[in-house]
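What follows is a single structure, written as structure tokens, with notes after it.
What follows draws every value from the coordinates through simple rules; no lab data is involved. Predicted model, so just to flag it, every value in this text is computed and none were measured. FYI the Cβ positions are ideal-geometry reconstructions off the backbone, even for glycines, and counts take in every protein chain you see.
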Amino acid sequence: MKRIRNKIITISGEPVSGKSTVVELIRDKYEKMGYKVQIISVGNIFRQLIQEEYYRTYPDRKNVSLTDIQTDEEFKEKRNQIDKMVDSEVARRGQLINETEQPNNVYIIDSRLAWSNIPDSYAVRLTVNEKIAGQRVFNDQTRGVEDKFYSLDEAIEQTRKRKLSEVQRYKERYGVDLTNPDNYDLIVDTSFSNPRELAQIIVEGEENYRTDKYYPKTWKNTAMFLPSQRFQETIAPSFAENTLHGLTQKIKKKGYNYDFGEIDVLEFNGNSYIKEGHHRALAALAAGKTLIPYYIEHKEDDYARTYVDKVLGLSDYYDWEEGIRGSAKLGGVKSLEDFDITSVFDIEKLLNIRLKNTQADGRE
């Protein structure tokens, strides 16, 4: 029997990771290509049902935040009933979609668990730094009363609690860890990304997934990586075609084609360090790209610790910082002109970064 693989994208994401914005941009891209696009926002369905049922159960309570509703132990049984109802409906729709071939249709499903309920979908997960998420919520005047906070610190804490409660709820309810990368085909950190660039990555990834071609799984902004060599070493030309300038021009002309290769990364103490790919990382930023693919070679192991201890010194960070700023200006990435690479160690400083390019495109 022939396997049917229609164009289905399931998007899961942490709170305020930019799902709503990128979904609309994906829709726009597909519609311009002539496809009919249907969007199913399971999150909206769940929020509406759970809030309606909560106020029906507790009519004397007013303006209760979604986070409080999701963590209210008295409401746990009702919440589980709503979960079951929504999940069953998503699975049913997924089965219906793949009963027949639909070459002219695209389905985009915004759901925490749709990747599991619709196994033949292209599963995307969006992540975001907790402090950036809190900042987005606090500054977004379009959100409902449940997302209005008196201070930035309160917004950060409540957004963090909401994320953790969702992760815990899915572990208890389904035995599923939403943070497990094995659940997804594409994982993107949206903390410093251009939504239009993100939409293009998702569309390209889905095409490669459906046609059984390789496509990088993990992407994030160059500025989220720390170097393992001095900036002067990075810009020193070895062969003419491999100079930073030459590579930058190629990326400007053709985009960051994943054929350039993923950045080889080590993770230790919660930080990401470039092991191989300094030229590509810096050239991508110089060319104005806010997302590049990478893979983690070692994570929190003895090799990563030894490597980081051996090659890194504080002077390297300041040295690299100047290169980041210069490349940001060269590529027109205004949001990163004042980015201090050492602030990756001090997350509070991330709140002071100007995100003009992402704000111009809008956020969830």
Lysine pair count for segment 1-44 [Cα-Cα under 17 Å; pairs on different chains or 8 or more apart]: 4
Most exposed first by the Cβ proxy, i.e. fewest other Cβ within 10 Å, how do Trp219, Trp115 rank? Trp115, Trp219
Compute and list, largest first, the equivalent-ellipsoid semi-axes of segment 7-210 from the alpha carbon gyration tensor, each √(5λ) rounded to a whole angstrom. 28, 21, 15
Applying a 10 Å radius around every beta-carbon, put 62-69, 15-22 in order of their mean neighbour count, most first. 15-22, 62-69
What list of ³J(HN,Hα) couplings, whole Hz, do you get for segment 15-30 from phi and the Karplus terms 6.51, -1.76, 1.60, once you set θ to phi - 60° and write x for glycine and proline? x, 6, 8, x, 4, 4, 5, 6, 4, 5, 5, 5, 4, 4, 5, 5
What size of dipole, in debye to the nearest 20, comes out for segment 168-271 about its Cα centre when the only charges are +1 on Lys and Arg C-beta atoms and -1 on Asp and Glu C-beta atoms? 340 debye
Rule-of-thumb check for segment 175-306: C-alpha Rg over 2.2 N^0.38 Å? 1.09
Would you please give the residues with an amide H less than 5 Å from that of Ile187, counting only those at least 5 places away or on a separate chain, with H modeled from the backbone geometry? Arg125, Thr218, Trp219
For segment 7-210, the charge dipole (Cβ of Lys, Arg +1; Cβ of Asp, Glu -1; about the Cα centre) points to a positive end, and the Cα of Asn180, Thr100, Val64 closest to that extreme belongs to Val64
Quick check for me: using +1 on Lys/Arg Cβ and -1 on Asp/Glu Cβ, what's the dipole size of segment 38-195 about its Cα centre, in debye to the nearest 20? 260 debye
Order 42-51, 192-201 from most to least packed using the mean count of other Cβ atoms within 10 Å. 192-201, 42-51
